[in-house]
Amino acid sequence: MLSQLPTSFAGLEHLATAVLLLDGERRVVYANPAAEVIFGLSYHHVALMPLDQVFIGAEMLWSAVGSALVGNSPFREHELTLTTFRQHTLAATCTVTPVDLAPVRLVLEFQQMDQQLRIAREERMLIQQQANAELLRNLAHEIRNPLGGLRGAAQLLEHELAQPTLREYTQVIIKEADRLQSLMDRLMAPHRVPKYELTNIHEVLERVRSLMLAESPGGIKIRRDYDTSLPDLVGDREKLIQAVLNIVRNAVQALHGQGEIILKTRAERQVTLAKKRYRVAIRLQIIDNGPGIPEDIRERIFYPLVSGREGGSGLGLTLAQNFITQHHGMIECESQPGQTCFTIMLPIEYAAARPGSQAKNQELL
């Protein structure tokens, strides 16, 4: 157990990477929570088990461990394929570091390959999201001033027209200017300082569900699949509602009046989001059985002004991504004909589950 190990290892349970500690006989003396999740094994099942019994047929790993012991120097092995004694297989990189802190002789740090790819994808998305935000801000500023002048000129012109029938045209100008002004307000909305407070994700979903059922034709069904045991998270309720609403509204429009949308929540444990490890996160999925997102725009759907629908502004998903990022979360999409699934991950700070902890969680966020 960690309590029986040197204090140097006290922080291992908070690491996002999987760590195994071995003694001089290459037996497991500790596995951190990330290792338990990645390998699907409890520490109690592998305690004092030799490494070659934990991983079956892992000659490359065994060789790396031997090299580190013999040379008394760190050894890194890339792209290992590991199979546990419970037949769980995964690809990972491993760094083996010899130490001399009895009973520990070796520290093995593993990083799952698909986790590395996801982290790299997150970093690319964050960079793109920052570029999107800058583009939206510049676009809004460039349009707002001439738009106000255009609307004012149309109002002045309307008062000068002798024929009332001609005022129909100035009204078109004014209404379209107002529509564009509303669009600019939406572009600038992400820059409002979030108002963080304890928020129940299911209250957010129920608000979205009631709004969309009121707007949608009778052939659209919105089904719930909630884990009602989830604790509250610290977030901006209105921004979370808007983020989910944008996605659900897109799904309703894609269904063309007939189909089903599922709102699903689950707890996700030991999650890394924006390079920070969280013990628990909320996994929210919005699933529809529509035609799917066109293949040529699937990789760009979160970019501003990219839309798969004629007449769409291409801003709904960009704003949703911005709002989720402000909550230190992540949003992804998988789509094929017959099923589109948007997955939102939102971290839960443990203090959020306790009454009177709102101020503390605002600091954490």
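Rule-based calculations on the coordinates, nothing more; no lab input. The structure presented is a predicted model; accordingly, all values stated were derived computationally and were not measured. Note: ideal-geometry Cβ built from the backbone for every residue, glycine included; neighbour counts use all protein chains shown.
Structure data summary
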quantity: Point-to-point label distance, E215-A267, nm (Cα→Cβ direction, 7 Å offset); calculated: 3.3
quantity: Potential extension, Q163-S229 segment - 0.36 nm per residue separation minus Cα distance; calculated: 17.2 nm
quantity: Residue order, fewest to most beta carbons within 10 Å, for E160, E334; calculated: E160, E334
quantity: Over 24 Å (Cα to Cα) - which of K239/K276; K175/K221; K195/K221; K175/K195 fall in this group; calculated: K175/K221; K195/K221; K175/K195
quantity: Cβ-based exposure ranking for Y303, Y169, Y30, in which fewest neighbours within 10 Å come first; calculated: Y169, Y303, Y30
quantity: Förster-model FRET efficiency, 22 Å R0, I297 and Q336, C-beta, rounded to 0.05; calculated: 0.95
quantity: Stretch gain in nm, segment M49-R249, where the contour uses 0.36 nm per residue and the Cα spacing is subtracted; calculated: 66.7 nm
quantity: In the stretch 225-277, the trypsin sites (Lys or Arg not before Pro) that fall in loop regions by DSSP, at most 13 other Cβ within 10 Å; calculated: K275
quantity: Low-density loop positions, chymotrypsin sites (Phe, Trp or Tyr not before Pro), the stretch 42-115 - DSSP coil, at most 16 other Cβ in 10 Å; calculated: F85
quantity: Inter-site label distance for S73 and E13 at 7 Å from Cα along Cβ, in nm; calculated: 3.6
quantity: Assigned charges on the beta-carbon of Lys, Arg, Asp, Glu; the stretch 2-116 dipole about Cα centre (debye); calculated: 120
quantity: H45, H327, H14 arranged by Cβ crowding within 10 Å, fewest neighbours leading; calculated: H14, H45, H327
